[in-house]
Amino acid sequence: MLRLLDRLEEVLIATLIAVATVLIFLSVTHRFAIGFAADLVVYARAHDMTSLNDTARSIFKAINALKMTWAQEACIYLFVWMAKFGAAYGVRTGIHVGVDILAERLEGAARRTITTIAMSGGVLFTAIITWIGTDFVWHVRLGGQTSPDLEMPMWIIYLAVPLGSALMCFRFLQALHLYLTTGQIAHHDHGAVDGLDEEAEDLSKGGHA
């Protein structure tokens, strides 16, 4: 079950990034195409090229009919969802930046106590945000607010706050349980690049062969 949750978390984040990237690309291409078509109309008029002018105007009208004003708003919401669930992913994989200078100098029971307090603080904070976020979403839903361009119910968009915080709280609980039972803390080597170690090992084996 946990593996399924991990996989869903990764797929969701990757999907949000992919959709946002495609929307940004289409939006930029759309703006460039409108500008290019407008410049082409001006050029055709200046040089009295009737055929080119008619073609350019047709292209401009066709592109302008494709309204992309909603893309920027959609990208903002996608990045909000990505950030909330990405934070939970960060807790699970240990990629969050943390100030551990005190914990690193302590040993034994003192270090265990400080680390437990720090993780418990994460659990408490995210639990509070989940509660407040849920209450906020409920009141927004009752208010019937919608987004300006997409005209989506705002409570669906704000749902990222309680859902992402709840998942983050669960990940903190997971990390705390792992530490209390095994003494291990999820840690990511920020100096390493994923995939390079495996590639170097394969090249080394190939060279020795």
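Each Lys or Arg adds one and each Asp or Glu takes one away; over the other residues whose Cβ falls under 12 Å from the Cβ of ASP54, this sums to +3. Calculated accessible area for the stretch 102-176 comes out at 62 Å² per residue, all protein chains present (probe 1.4 Å; ligands, DNA, RNA ignored).
Each label point is 7 Å from the Cα along the Cα-to-Cβ direction; what then is the distance between the points at GLU107 and LEU5, in nm? With each label placed 7 Å out from Cα toward Cβ, I get 3.6 nm.
Comparing ALA18, ALA65, ALA160 in a Gaussian network model of the chain, where Cα atoms under 10 Å apart are tied by springs, the biggest mean-square fluctuation is seen for ALA65.
For ARG57 and TRP138, compute 0.36 nm times the residue count separating them, minus their Cα-Cα distance, and round to one decimal in nm.
Working: separation 81, 0.36 × 81 = 29.16 nm, distance 4.85 nm.
Extra length from ARG57 to TRP138 when fully extended: 24.3 nm.
Is it possible to state the helix-based mean residue ellipticity at 222 nm for the chain, with each DSSP H run of 4+ residues giving -39500 (n - 2.57), the sum divided by total residues, to the nearest 500 deg cm²/dmol? What is it? Please report the intermediate quantities before stating the final value.
Numbers: 8 runs with 167 residues, N = 209.
-27500 deg cm²/dmol, from helical runs alone.
Need the full-extension length gain, ILE24 to TYR43, defined as separation in residues times 0.36 nm minus the C-alpha distance. One decimal, nm. Kindly include the intermediate steps, with their values, before the conclusion.
On the way: separation 19, 0.36 × 19 = 6.84 nm, distance 2.85 nm.
Result: 4.0 nm gained on full extension.
Projected label points at ILE114 and ALA14, each 7 Å from Cα along the beta carbon direction, are separated by 3.8 nanometres.
Compute the signed sum of charges (Lys and Arg +1, Asp and Glu -1) over the other residues within less than 15 Å, Cβ to Cβ, of LYS84. Value of the local net charge: 0.
Where in the chain are the DSSP H helices whose alpha-carbon span along the long axis reaches 27 Å or more and whose Kyte-Doolittle mean is at least 0.5? Don't jump to the answer; show the numbers that get you there.
Values: long enough: 2-46 (66 Å, 1.34); 70-93 (34 Å, 0.60); 108-143 (53 Å, 0.79); 160-182 (32 Å, 1.12).
Span-like helices here: 2-46, 70-93, 108-143, 160-182.
Hey, in the GNM for the chain with a 10 angstrom Cα cutoff, which one of VAL19, VAL11, VAL137 fluctuates hardest? Ranking VAL19, VAL11, VAL137 by mean-square fluctuation puts VAL11 first. How would the stretch 56-174 be classified by its alpha-carbon gyration tensor: rounded, prolate or oblate, with rounded meaning a/c under 1.5 and the a/b versus b/c comparison settling the rest? It comes out oblate by the Cα gyration axes. A simple spin-label model places pseudo-atoms 7 Å from Cα toward Cβ; at ARG31 and ALA83 they are separated by 2.0 nm.
Using the Cα gyration tensor of the chain, with a ≥ b ≥ c the square roots of its eigenvalues, what is the shape: rounded (a/c below 1.5), prolate (a/b larger than b/c) or oblate (neither)? Cα axes put the chain in the oblate bin.
Charge dipole (Cα centre; +1 on Lys/Arg Cβ, -1 on Asp/Glu Cβ; no other charges) of the chain amounts to roughly 620 debye.
Taking the protein heavy atoms of the chain in the context of the full set of protein chains, the accessible area attributed to carbon and sulfur is 67 percent at 1.4 Å.
The values are calculated or read from the model by the stated rules, or taken from the named source; none is laboratory data. Fair warning: this is a prediction, and the values are worked out from it, not measured in the lab. Methodologically, a virtual Cβ is constructed for each residue, glycine included, from the backbone with ideal geometry; neighbour enumeration extends over all protein chains shown. Note: areas computed on protein heavy atoms with side chains; ligands, DNA, RNA excluded. Shrake-Rupley method; radii C 1.70, N 1.55, O 1.52, S 1.80 Å.
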